[in-house]
Amino acid sequence: MKTALTEMLGARYPVLNAPMTPQAGGALARAVAQSGAIGMLGFDESESAESLRNEIRLVREGGPPAIFGIGLVRWVIDARPELVELAFEARPALVSISFGDPEPFVAGFHAAGILVASQVQSKAWAEVALAAGVDILVAQGTEAGGHTGAVGTLPLLQIVLEIAGDTPVVAAGGIATGRGLAAVLAAGACGAWIGTPFLAASEARTNPAAQERLVSANETETILTNVFDRVQHKAWPAEFSGRALRNRFTDAWHDRVDEMTPDAEHQFGEARSNRDYSVAHLYAGQTVGLVREVTSAAQIVRSIVDEAETRLRSVASLVNTGE
Ligand SMILES: Cc1cc2nc3c(=O)[nH]c(=O)nc-3n(C[C@H](O)[C@H](O)[C@H](O)COP(=O)(O)O)c2cc1C
């Protein structure tokens, strides 16, 4: 498949795995890149530089060089500027700077020959990213797992495509199959940024208890909430909540987050240590209903791109050419 994204990055397929923290580490990025797509690893605010260096080593380990990117979050790099240095050191083909203005960092990455993408959740954020000079806009819809905005992928994609001009646009949120990839490519996106399905990749840093829960969840079980940020005292800007699986904790506190008690914090901490997802957080998007097994990243990429090719061929035949 050939799109602006595959051309810019020299990849075979217009698919990136989302830089999910901490699940998207070096092994996942490497496996995705080796399968012909673009691998991404996420830099988490609580992971040590030493551990992140280890993940970067995993991307580079053995075989031909992998095409990979690094995901950064704006408020996290404000708190830990050394993560930007670490991203330079890793020499990725791409970085993403999301959930805030990427402008202060764009020139530096460009000078190092690194492309810059930014996930945007509204027309206003798309304008900010365009003004910052990013190379790729990622229209991230509310269906997405993890932190996101309030607008659905399809309306947002159309809005962002209208103003993007020559800047390529990738779609994120709610894409898990070849049908989804074909749909966004047909709409004018140059690729898909896919998170939730890769949580169940065998190479992801998702623990087995979480993978078991993901495989059994359906598409009606997610909620966009800030309760997990509040209970963990994370500095996420208020406009970005996180899409997670609903559980006893969201049932109890989503509607009265300001009343959260120290006892609730304690229960959450215990559940987290015990990997008890009936209370602890498990970020996932609405495509969780399409995640049915733990399988290799290569298999996930293969099935998405094979089906997309078939769908795109059949869609072309819908147009009456007048012959
Ligand atoms: C568990 C999880 C963690 C995430 N962490 C990050 C992150 O650290 N940085 C980031 O830019 N996006 C993060 N995201 C959002 C993804 O980049 C992406 O927008 C989303 O997964 C796409 O939607 P989908 O899950 O429906 O495929 C995360 C998503 C999930 C599910």
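The values are calculated or read from the model by the stated rules, or taken from the named source; none is laboratory data. Keep in mind the model is a prediction, meaning the values are calculated, not measured. So basically every Cβ, Gly included, is an ideal-geometry build from the backbone, and we count neighbours across all protein chains shown. All accessible areas refer to the heavy atoms of the entire protein, side chains included, with ligands and DNA or RNA removed. Shrake-Rupley method; radii C 1.70, N 1.55, O 1.52, S 1.80 Å.
Points to keep in mind about this one:
- DSSP bridge pairs, the chain: antiparallel proportion in percent, nearest 5: 20 percent
- Distant-in-sequence amide H partners of Arg243 (H built 1.01 Å from N, under 5 Å): Gly146, His147, Thr148, Thr225
- Note on Ser48 and Ala79: the extension gain reaches 9.8 nm, defined as 0.36 nm multiplied by sequence separation minus the Cα-Cα distance.
- Ranked packing of 114-120, 284-290, most packed first, by mean Cβ within 10 Å: 114-120, 284-290
- Taking amide H as placed 1.01 Å from N in the peptide plane, the amide H of Met20 sits under 5 Å from that of Gly42, each at least 5 places away or on another chain.
- Value at 222 nm in deg cm²/dmol, rounded to 500, when DSSP H runs of n ≥ 4 in the chain each add -39,500 (n - 2.57): -12000 deg cm²/dmol
- Applying the Karplus relation 6.51 cos²θ - 1.76 cosθ + 1.60 with θ = phi - 60° to segment 141-147 yields 3J(HN,Hα) values of x, 6, 5, 4, x, x, 6 Hz, where x marks Gly and Pro.
- Gain upon complete extension [Arg246, Ile159; 0.36 nm per residue less C-alpha separation]: 28.4 nm
- Residues whose placed amide H lies under 5 Å from that of Ile38, excluding near-sequence neighbours: Val15, Leu16, Asn17
- Packing here is the average count of other Cβ atoms within 10 Å per residue, and on that basis the peptides 254-261, 183-190, highest first, run 183-190, 254-261.
- The magnitude of the dipole of the chain, with charges of +1 and -1 set on the Cβ of Lys/Arg and Asp/Glu and taken from the Cα centre, is near 780 debye.
- The chain: relative contact order in percent, alpha carbon pairs under 8 Å with at least 6 residues between: 17 percent
- Listed values for segment 37-46 are Karplus-derived 3J(HN,Hα) couplings in whole Hz (6.51 cos²θ - 1.76 cosθ + 1.60, θ = phi - 60°), namely 9, 10, x, 10, 10, x, 9, 8, 5, 9, and x replaces Gly and Pro.
- For segment 188-248 and segment 254-323, distance of Cα centres in Å: 6 Å
- For segment 208-273: accessible area per residue (Å², 1.4 Å): 56 Å²
- Fully extended contour minus Cα-Cα distance, from Glu309 to Ala112, at 0.36 nm per residue: 67.4 nm
- Karplus-derived 3J(HN,Hα), 6.51/-1.76/1.60, for each residue of segment 210-218, Hz, glycine and proline x: 5, 5, 4, 5, 4, 5, 8, 7, 10
- Packing around the peptides 124-134, 96-106, 45-55, taken as the average count of other Cβ atoms within 10 Å per residue, puts them in this order, highest first: 96-106, 124-134, 45-55.
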